[in-house]
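A.B. asks: Can you read through this structure? Questions will come right after.
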Amino acid sequence: MATRFDILTLQLFIAIVEEQSIAKAAEREHIAASAVSRRISDLESMLKVELLVRHPKGIDPTPAGAALLRHARLIMGNVARMEAELVEYEHGLRGFVRVAANKSAILQSLPEDLAAFLAQHPMVRIDLEEGISPSIIEAVANNAADIGIFGANIPAPDLQIFLYREDELVAVMPPRHRLTSQASVRFADMVEYDFVCLEKGSSIETLCVRAAGALGRQLKLRVRVSGFDAQFRLIETGLGIGLVPQQVALGRARLGGVVCRPLDEPWSRRSLNIGVRDLGSLPVAARLLVEHLAGVPDRRPSPDAMTTCPTETSMAGTDPT
């Protein structure tokens, strides 16, 4: 029986009871009175019960009709709420967006950018997953993520690309390391020492390996780690040196334990890209997020920010060279 109820008939039944007239209900709902009467007759036949009683002053519901009216109003209210919510999805006011981003983006500007977007779209939910650039590109290509944010030095030929940010890589080393005596360092100087790097295939690790290869050298990779916190901790203990985004390095250097220096290489400034399969086919909320991320102002540290980096931090009992 339930499959034979339809929204229009319930809407017409509510109108008849409220108007106490089939003619007025038909006029209100912009449908012929004969069609309204036929639908109510069919409904009564299906239910095998009388729903309306006619009297000189109009039409009233029977007890069965009153019960149907209560349920019909609940159903129509739910339908109205459903329509309103779906319209919100259509316009991007609601939605669920899957974002995959690398560590550099998550530890620099992405949290503030997402917070600004969610303040404008409080009914949107974001699932943020951290990964290395190759896995992020693969996730977007395989529809496991709507939006990817990754290092631009990692090819993503199957994705539609938008520039997100640029950041600056700096050299990070333990205090009293020989390279701390220089105002800036070349990668050719760094390649003489052991490195502590992020995971294999990550954007920064790939840059280091390629730069060493361009010098005809092999990167002296001593330890690979899964995050910047572990990288800093191992550099503190003198296990090696590394490259880290400037904004991330400055915050840690101010706490002591490591020293950072500008990297004097043309590739030290790198881009972070946004990648999607096809912007036009994304859900509206995801498309709005891409437009927001691609359009927010850049908040990189100023060029003289490196002057705030500690020049020396005591660390007893280690030989950082």
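A.B. asks: Do the conditions hold for ASN142, that is, is it in contact with a strand residue (DSSP E or B) (Cβ under 9 Å, 6 or more places away or on another chain) and under 29 Å from VAL225 (Cβ atoms)? Reasoning before the result, please.
C.D. replies: On the way: in contact with a strand residue (DSSP E or B) (Cβ under 9 Å, 6 or more places away or on another chain): no; under 29 Å from VAL225 (Cβ atoms): yes.
No, not satisfied.
A quick yes/no check of all residues on (1) touching a residue at least 40 places away in the same chain (Cβ under 8 Å); (2) within 30 Å of ALA141 (Cα to Cα); (3) of a type in the set (D, E, K, R):
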| position | (1), (2), (3) |
| --- | --- |
| ARG38 | no, no, yes |
| ALA67 | no, no, no |
| VAL87 | no, yes, no |
| SER104 | yes, yes, no |
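A.B. asks: Sticking with this one: Could you check, for the stretch 164-176, whether at least one of its residues is within 22 Å of LEU282 (Cβ to Cβ), crowded, with 19+ Cβ neighbours inside 10 Å and of a type outside the set (Lys, Arg)? Break it down into steps so the answer makes sense when it comes.
C.D. replies: So in the stretch 164-176, the residues within 22 Å of LEU282 (Cβ to Cβ) come out as 164-165.
Now restrict to residues that are crowded, with 19+ Cβ neighbours inside 10 Å: 164-165.
Checking which are of a type outside the set (Lys, Arg) leaves us with 164.
Yes, because at least one residue in the stretch 164-176 is within 22 Å of LEU282 (Cβ to Cβ), crowded, with 19+ Cβ neighbours inside 10 Å and of a type outside the set (Lys, Arg).
A.B. asks: Here's a check for you: in the stretch 6-36, which residue that is free of Cβ contacts under 8 Å to residues at least 40 places away in the same chain and not in a helix (DSSP H, G or I) is nearest to ILE59 (Cα to Cα)?
C.D. replies: Of the residues in the stretch 6-36, the ones free of Cβ contacts under 8 Å to residues at least 40 places away in the same chain are 6, 8-9, 12, 15, 18-19, 21-36.
Adding the requirement that they be not in a helix (DSSP H, G or I) leaves 6, 21, 30-32.
Working: ASP6: 22, SER21: 6, HIS30: 19, ILE31: 18, ALA32: 18 Å.
Looking at the filtered set, the residue picked out is SER21.
A.B. asks: Let me ask you something else. Between residues in the stretch 120-145 that are farther than 14 Å from PRO157 by Cα and residues that are part of a strand (DSSP E or B) and among the hydroxyl-bearing types (Ser, Thr, Tyr), which pairs lie under 9 Å by C-beta distance while being six or more apart or on different chains?
C.D. replies: none
A.B. asks: Does the stretch 183-223 hold any residues that are within 29 Å of the chain's Cα centre (by Cα) and buried (at least 16 other Cβ atoms within 10 Å of the Cβ), and which are they? Write out each step before concluding.
C.D. replies: Here is the first cut: in the stretch 183-223, the residues within 29 Å of the chain's Cα centre (by Cα) are 197-208.
Residues satisfying the conditions are CYS197, LEU198, GLU199, SER202, SER203, ILE204, GLU205, THR206, LEU207, CYS208.
A.B. asks: Can you report the number of residues in the stretch 71-126 which are at pLDDT 90 or above, among the small types (Gly, Ala, Ser) and surrounded by 12 or more Cβ atoms within 10 Å (Cβ to Cβ)?
C.D. replies: 7
A.B. asks: Return yes when ARG287 is outside any helix (DSSP H, G or I), basic (Lys, Arg) and at pLDDT below 95 and no when it is not. Steps first, please.
C.D. replies: On the way: outside any helix (DSSP H, G or I): no; basic (Lys, Arg): yes; at pLDDT below 95: yes.
No: the conditions fail for ARG287.
The values are calculated or read from the model by the stated rules, or taken from the named source; none is laboratory data. Nothing here was measured: the structure is a model prediction, and the numbers come from that model. Every residue, glycine among them, receives a Cβ derived from its backbone with ideal geometry; neighbour counts consider all protein chains shown.
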